[in-house]
Amino acid sequence: MRGFTFIEVLTTLVLLSVLAALGMGLITRPAQSFAEQTRRLELVDMADTALKRMARDVRHALPNSVRTASAATRTALEFLHTSGGGRYRAQLEADGSGDPLFNGAADTFDVLGTMLVSSAVDTGPAGQASCFNDLADCLVIYNTGSGPGDFNAYQGDNIATLTAVAPGQLTFDNGGGWSFPFLIPPTAEQRFYIVDTPQSFVCDTSVRELRRYTGYVIGAAQPITDADFGSAGELLAVNVAGCQFTYNPGAGFRHGLVTLRVVVDDLPSGERVALLHQVHVVNVP
């Protein structure tokens, strides 16, 4: 007489089950949304960090040295990374003093104004080819990217090994009489650049990685495989589903435009994030 009937117990169980189901929904949905949002943020952060690193390095590209290539599952962006520069003396003073760059087969020249070159640069031994073997930093004059036979650093037209740095003066290896192509008239800006290494970013969708390569040999042909670089490079991002690198030299303007697009995804969830970043690079030699 004081107990519960079977119907009452059954009704109570049904009501508790409904309440439990509603409670689980209130708990699991926010937790699931948080996990999804965290996963998306991780994808965005990975792509954004890689793009920022690429943009920071590309801004130091030697004018007209940016180039792109693709083969099979690989997409590559390459440029010559500058570590310094300044303005060279192109002509003698009125009294005949000074050491101009275009002084026969001379291997020294005066630097005008402030020299943005550290004395700690990697100077190399004799032999013009040494700057193509990662033995020293390279001196580049008026790189237009055209050639060979004109002013293309990748072809060795206007590039020489930097052998000594002194206050207000630089010395380069002239290879026993080699000289830079003479500009008629010399460029008004009279700029020179110091290149410390070629640099590449390579996206390989077969292994879903984006890597950075430095310290390899400068060459006329653009490298794209690990065998070309001689190393596995530095890992920048994983879970990379695709990349797109383009370069608009901006003919007639002072700057070119590098467009970097990186796509990363999460295979288990099927989520994908694509980020695009554009970088203005100086292209006036």
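Annotations for the structure displayed:
- Cβ-based exposure ranking for 258, 117, in which fewest neighbours within 10 Å come first: 117, 258
- Computed as a quarter of the hull surface, the mean projected area of the alpha carbon convex hull for segment 207-252 stands at 4.6 nm².
- Entry note: segment 140-285 has Rg to Rh equal to 1.06, where both radii use alpha-carbon atoms and Rh is the Kirkwood radius.
- The chain: angle of helix 6-58 to the longest principal axis, Cα-based, in degrees nearest 10: 0
- Considering helices alone, the calculated mean residue ellipticity of the chain at 222 nm is -7000 deg cm²/dmol, with DSSP H runs of length four and up weighted by -39500 (n - 2.57) and normalised per residue.
- Translational diffusion coefficient (Stokes-Einstein; Kirkwood radius from C-alpha pairs) of segment 226-285 at 25 °C, 0.890 mPa s, in µm²/s: 175
- Normalised alpha carbon radius of gyration of the chain [divisor 2.2 N^0.38 Å]: 1.56
Every read-out reported here was derived from the displayed coordinates using simple, explicitly stated rules and does not represent laboratory data. Everything quoted here is computed from the prediction, not taken from an experiment. Every residue, glycine among them, receives a Cβ derived from its backbone with ideal geometry; neighbour counts consider all protein chains shown.
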